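Asker: Before we start, here is the structure in question, set down as structure tokens.
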């Protein structure tokens, strides 16, 4: 083969290898660019839910619309303070309106999300929040007999970056007819049920919380409703012990357990003025104190309606 042919062949080979290397390197670079572009995609944060303090009466002239509300922390049942002056003014208007129209009832629906943890004594955080708002309104002069509370799951709620829910509640005015007492239906049944089957708590006084079953939470909700609707209604919390130790020290221990339960209910929006505590110590066992199982049953705190 001549030198000229070899020279031309070398040029062609160089061009071919250059093309192959270029395509290979280009594909790698493009792939890396695509990966970089994909990793640079940042989703916009979802805006926090901002529910106004909105209370309207379709059968009257009440129209409150405040661009603020009563707020709570995620998984919280305590109202965040301070409440804005605009909301306070709206509450004052609502109080005057309900006072002028005793046949009007305010329905408060508290919202909660499925991601929250319910450490309250109520069946759900929404009902606990509604009761917190109810108690706040009562402290401002409203009658608890004109307020009904409810809880509702609402997974559309979005907290802000500080885990605050802005207005996880809704309000509605309902008007009943003169002589209609259907709103009080069931109160007698509640009283009979709680007195026949009181709420029984088993816990160590060293614990900072009480874990309630679903059935127990339902009883707390019933007790709260009864206390709101019946004049003079109250609860008594009785502390009991087993027979370990002497009778005098057990009477003190029973009182400590009753007082601990009282503080728990106060934190869960049961008014302190409606709670009485006493101790029976070891005087009323319900099981055999010679067995561990029996002693555990006797170490109890009972909550019932007066």
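Asker: Pairs please, first residue from the range 288-306 and free of Cβ contacts under 8 Å to residues at least 60 places away in the same chain and assigned by TED's automatic domain parsing to the domain that holds residue 194, second anywhere and part of a helix (DSSP H, G or I) and crowded, with 17+ Cβ neighbours inside 10 Å, Cβ atoms under 6 Å, 6+ apart in sequence or on different chains.
Answerer: Within 6 Å, the pairs are 289/295.
Asker: Keeping to the range 98-127, report how many residues are closer than 25 Å to residue 176 by Cα and touching a residue at least 60 places away in the same chain (Cβ under 8 Å).
Answerer: Matching residues across the range 98-127 total 9.
Here's the yes/no breakdown for (1) in a loop (DSSP other than H, G, I, E, B); (2) within 25 Å of residue 224 (Cβ to Cβ); (3) outside the structural domain of residue 170 (by TED's automatic domain parsing):
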site: 61; (1), (2), (3): yes, no, no
site: 78; (1), (2), (3): yes, yes, no
site: 83; (1), (2), (3): yes, yes, no
site: 88; (1), (2), (3): no, yes, no
site: 93; (1), (2), (3): no, no, no
site: 96; (1), (2), (3): no, no, no
site: 109; (1), (2), (3): no, yes, no
site: 116; (1), (2), (3): yes, yes, no
site: 122; (1), (2), (3): yes, yes, no
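Asker: Just checking, does the range 220-232 include any residue being without any contact (Cβ under 8 Å) to a residue 60 or more places away in the chain, outside the structural domain of residue 145 (by TED's automatic domain parsing), over 28 Å from residue 139 (Cα atoms) and not in a strand (DSSP E or B)?
Answerer: no
Asker: Any residue that is within 27 Å of residue 214 (Cα to Cα) and either buried (at least 16 other Cβ atoms within 10 Å of the Cβ) or at pLDDT below 95 (or both) - is there at least one of those in the range 86-107?
Answerer: Yes, some residue in the range 86-107 is within 27 Å of residue 214 (Cα to Cα) and either buried (at least 16 other Cβ atoms within 10 Å of the Cβ) or at pLDDT below 95 (or both).
Asker: On to the next question. Among the residues of the range 253-286, count how many are over 30 Å from residue 128 (Cα atoms) and surrounded by 15 or more Cβ atoms within 10 Å (Cβ to Cβ).
Answerer: Residues flagged as over 30 Å from residue 128 (Cα atoms) and surrounded by 15 or more Cβ atoms within 10 Å (Cβ to Cβ) within the range 253-286 amount to 4.
Asker: Sticking with this one: Given (1) crowded, with 17+ Cβ neighbours inside 10 Å; (2) assigned by TED's automatic domain parsing to the domain that holds residue 122; (3) touching a strand residue (DSSP E or B) at 6+ places or on another chain (Cβ under 6 Å); (4) touching a residue at least 60 places away in the same chain (Cβ under 8 Å), identify the lone condition not met by residue 239.
Answerer: (2)
Here is a yes/no grid of residues against (1) modelled with pLDDT of 95 or more; (2) farther than 30 Å from residue 108 by Cβ; (3) surrounded by 13 or more Cβ atoms within 10 Å (Cβ to Cβ); (4) over 25 Å from the mean Cα position of the chain (by Cα):
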{"site": "205", "(1), (2), (3), (4)": "no, yes, yes, no"}
{"site": "214", "(1), (2), (3), (4)": "no, no, no, no"}
{"site": "232", "(1), (2), (3), (4)": "no, no, no, yes"}
{"site": "244", "(1), (2), (3), (4)": "no, yes, yes, yes"}
{"site": "289", "(1), (2), (3), (4)": "no, yes, yes, yes"}
{"site": "294", "(1), (2), (3), (4)": "no, yes, yes, yes"}
{"site": "303", "(1), (2), (3), (4)": "yes, no, yes, no"}
{"site": "306", "(1), (2), (3), (4)": "no, no, no, yes"}
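Asker: Let me ask something additional. Just the residues that are at pLDDT 90 or above and assigned to a loop (DSSP other than H, G, I, E, B), please, taken from the range 187-203.
Answerer: Residues satisfying the conditions are 197, 198.
The values are calculated or read from the model by the stated rules, or taken from the named source; none is laboratory data. Because the structure is predicted, anything quoted here is derived from the model rather than measured. No Cβ is skipped: glycine too gets one built from the backbone with ideal geometry, and neighbour counts run over all protein chains shown.
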